1. Which residue pairs have Cβ atoms under 8 Å apart, sit 6 or more places apart or on different chains, and have a first residue in segment 207-231 that is touching a residue at least 60 places away in the same chain (Cβ under 8 Å) and a second that is assigned to a loop (DSSP other than H, G, I, E, B) and surrounded by 10 or more Cβ atoms within 10 Å (Cβ to Cβ)?
2. Could you check segment 91-109 and list, in sequence order, the residues that are closer than 25 Å to residue 133 by Cβ and modelled with pLDDT under 95?
3. Within segment 60-75, track down each residue that is surrounded by fewer than 16 Cβ atoms within 10 Å (Cβ to Cβ), in a loop (DSSP other than H, G, I, E, B) and either touching a helix residue (DSSP H, G or I) at 6+ places or on another chain (Cβ under 9 Å) or not assigned by TED's automatic domain parsing to the domain that holds residue 99 (or both).
4. Could you say whether any residue in segment 36-46 is under 24 Å from residue 145 (Cα atoms) and at pLDDT 55 or above?
5. Can you confirm whether residue 143 is assigned by TED's automatic domain parsing to the domain that holds residue 56, over 28 Å from residue 68 (Cα atoms) and touching a residue at least 12 places away in the same chain (Cβ under 8 Å)?
6. Does at least one position in segment 90-103 carry a residue that is in a helix (DSSP H, G or I) and farther than 20 Å from residue 144 by Cβ?
7. Give segment 163-204 a look and list any residue that's closer than 22 Å to residue 255 by Cβ, crowded, with 16+ Cβ neighbours inside 10 Å and either modelled with pLDDT under 70 or within 18 Å of the chain's Cα centre (by Cα) (or both), or say none.
8. Of the conditions (1) over 21 Å from residue 56 (Cα atoms); (2) modelled with pLDDT under 95, residue 151 satisfies every one except a single condition; which number is it?
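The values are calculated or read from the model by the stated rules, or taken from the named source; none is laboratory data. Keep in mind that this is a model prediction, so the values were computed, not measured. Neighbour counts run over all protein chains shown; Cβ positions are idealised from the backbone, glycine included.
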């Protein structure tokens, strides 16, 4: 069966460029794809409608003996209309749940078998360089691009369905339920929040975010005053919450920056963390400044006890190792009896 090559009609062959006196550099830029057998039929590349996201169905549905000619620069950069189709089509690969599962935390965890399957699909749709070194470079570039699209896809899902108003328990369209549950569990971990954002998100951070316009200015004078106080307090790392309320997605403490600006909590609910957490759920004040104060007080208490014990020993009293109450030494008791 004769092969069919789908070619961007705006890309001229090397022979055409020569006939039209096109400079040698342009030929180098465009004519880098593998040589097409003259016996193979060439058909025009379809023009995609620009409205809305494309699924590139015409590429996925190519018959087995059809391939698209991909013009490349000398540095293996896809160019022209076919190059734009190629880049957009790679994005659809990154969103295929069976090829690029979202359950993996990073691209390196995706099995090599899946990456090789992806590369086989790419080679089945596109005419790529035959030179081994260039083909390897093209493979690395292609998989790297797909990895970037995959990370962007996961980020979009997280913002829209996990951090947004959507139902976290229900997988988004075209996402495998088990994979979604696995990544949601990972996103819900406090360690993941710290790794992603660089620090725990506390309710003072949320207040600032919600009371700033898109241009970064406060929504009103009251918000501006509160934000200035919050930023001043948060500039001191000792004021940040170090342990999180595990029943919610936002860190809080009875003495956190939010409480210092807006006052202590009332019974029944905790402001700024949504429904669920109550003041009684938090075991203690957990900011480092308060914790250090408690440690200092405890050390002072121990020191006072030790001083008291030393004075008692010099005055004829000792501390019974088996009893918490002091006892009189035998020498002191004998002297009193003799007197």
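1. 207/272
2. 107, 108
3. 64, 73, 74, 75
4. yes
5. Criteria not met by residue 143.
6. No - not one qualifying residue is present in segment 90-103.
7. Passing the criteria: 193, 200, 201, 202.
8. Here residue 151 meets the rest and fails (1).
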